[in-house]
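Written out below as structure tokens is the structure these notes cover.
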Amino acid sequence: MTRTNFICALIATLVVLSLVAFFKSEDGFLVGNLLPEMMGVCVELLIIIFVFDVWQKNEEKQKSIKIERRLREFLIFFLKHNFSDFPPSCNPGNFYGKDHTQNQNAIKNLISYIEQNSINEEVVLKVQKYCENEKEIFNNLIPVASDLTNDHFKSWVRISYFMNAIASKNEKTSHALVNILQNIKRFDDESYASKLYVGADET
């Protein structure tokens with residue numbers, strides 16, 4: 001029996017017992033003693049299930065926030081390692097989840113800058129070396145990202161895919177880089193929308 005079925009059964013039992021108590025109001029062992037006890041047990045079980053459900057959901061959310069934070073740390077390192085010399089408007093700063101608006105604007109500006117100006121050879125080599133060194137870590141974190149939302153998972157898979165493409169030189173670096181940044185932006189946006197980031201409870 002599933003949890004939902006059990007709750008429905010408890011509610012149905014409580015309704016039936018209430019009807020019996022209402023229509024069989026004469027005093028007796030069943031109505032006067034056993035029936036109130038049974039109703040009390042049903043109510044207590046419903047309260048316990050409700051409290052447990054709230055506690056479980058909170059635990060699951062905190063676990064997801066920890067996972068998101070670990071994944072975000074790799075994205076922060078990627079951004080700081082490869083784009084520290086770009087214009088200030090393209091700098092996402094600390095890239096914390098609570099800085100969503102700043103993150104989104106900075107990544108948007110960074111994408112526009114790359115599309116309009118391309119990237120010089122020094123940045124290309126830096127990004128290629130980074131992807132060669134870190135691609136396996138990003139690949140191995142795909143199952144971890146699957147513990148978050150569907151959009152988190154999809155964005156991480158695409159980030160990993162384009163990192164591998166850069167490392168193997170199967171894609172033009174600037175094109176693949178724009179795709180990585182778009183999916184980092186998507187990852188951050190999904191964290192904000194689903195409130196799965198450190199400090200979400202404070203906003």
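The values are calculated or read from the model by the stated rules, or taken from the named source; none is laboratory data. Predicted model, so just to flag it, every value in this text is computed and none were measured. Neighbour counts run over all protein chains shown; Cβ positions are idealised from the backbone, glycine included. Protein only, heavy atoms only, side chains kept; ligands, DNA and RNA dropped before computing areas. Shrake-Rupley method; radii C 1.70, N 1.55, O 1.52, S 1.80 Å.
With charges only on Cβ, +1 for K and R and -1 for D and E, what is the dipole size of the range 66-149 about its Cα centre, in debye, rounded to 20?
Roughly 320 debye for the range 66-149.
Which of rounded, prolate or oblate describes the range 49-203 when judged by the alpha-carbon gyration tensor and an a/c cut-off of 1.5?
prolate
Figure the gain on full extension for Gln104 and Lys63 (residue separation times 0.36 nm, minus the Cα-Cα span) and round it to one decimal in nm.
12.3 nm
Measuring from label point to label point, each 7 Å out along Cα→Cβ, what is the Val54 to Ile142 span in nm?
With each label point 7 Å from Cα toward Cβ, the separation is 4.1 nm.
By per-residue mean of other Cβ atoms within 10 Å, what is the highest-first order of 145-151, 84-90, 182-188?
Descending packing order for the listed peptides: 182-188, 145-151, 84-90.
Run the numbers on the range 67-134 and let me know its relative contact order in percent, using alpha-carbon pairs under 8 Å that are six or more apart.
Relative contact order here is 27 percent.
Which of the lysines could a cross-linker bridge to Lys57, judged by Cα under 24 Å and excluding same-chain residues fewer than eight apart?
Output for Lys57: Lys66, Lys98, Lys154, Lys195.
Taking R0 as 35 Å, what FRET efficiency do you get between Ser84 and Asn150 from their Cβ-Cβ distance, rounded to the nearest 0.05?
Efficiency, rounded to the nearest 0.05: 0.65.
Using a 1.4 Å probe on the protein heavy atoms only, what accessible surface does Glu73 show? Give it in Å² to the nearest 10.
Only protein atoms counted, so the area is about 100 Å².
Report, ordered by chain and residue number, the aspartates and glutamates lying within cross-link reach of Lys129, taken as a straight Cα distance under 14 Å and ignoring same-chain residues fewer than 8 apart.
Straight-distance partners of Lys129: Glu121.
Once the dipole of the range 95-166 is set up with Lys and Arg at +1 and Asp and Glu at -1 on Cβ about the Cα centre, which of Phe153, Leu110, Ile137 lies farthest towards its positive end?
Phe153
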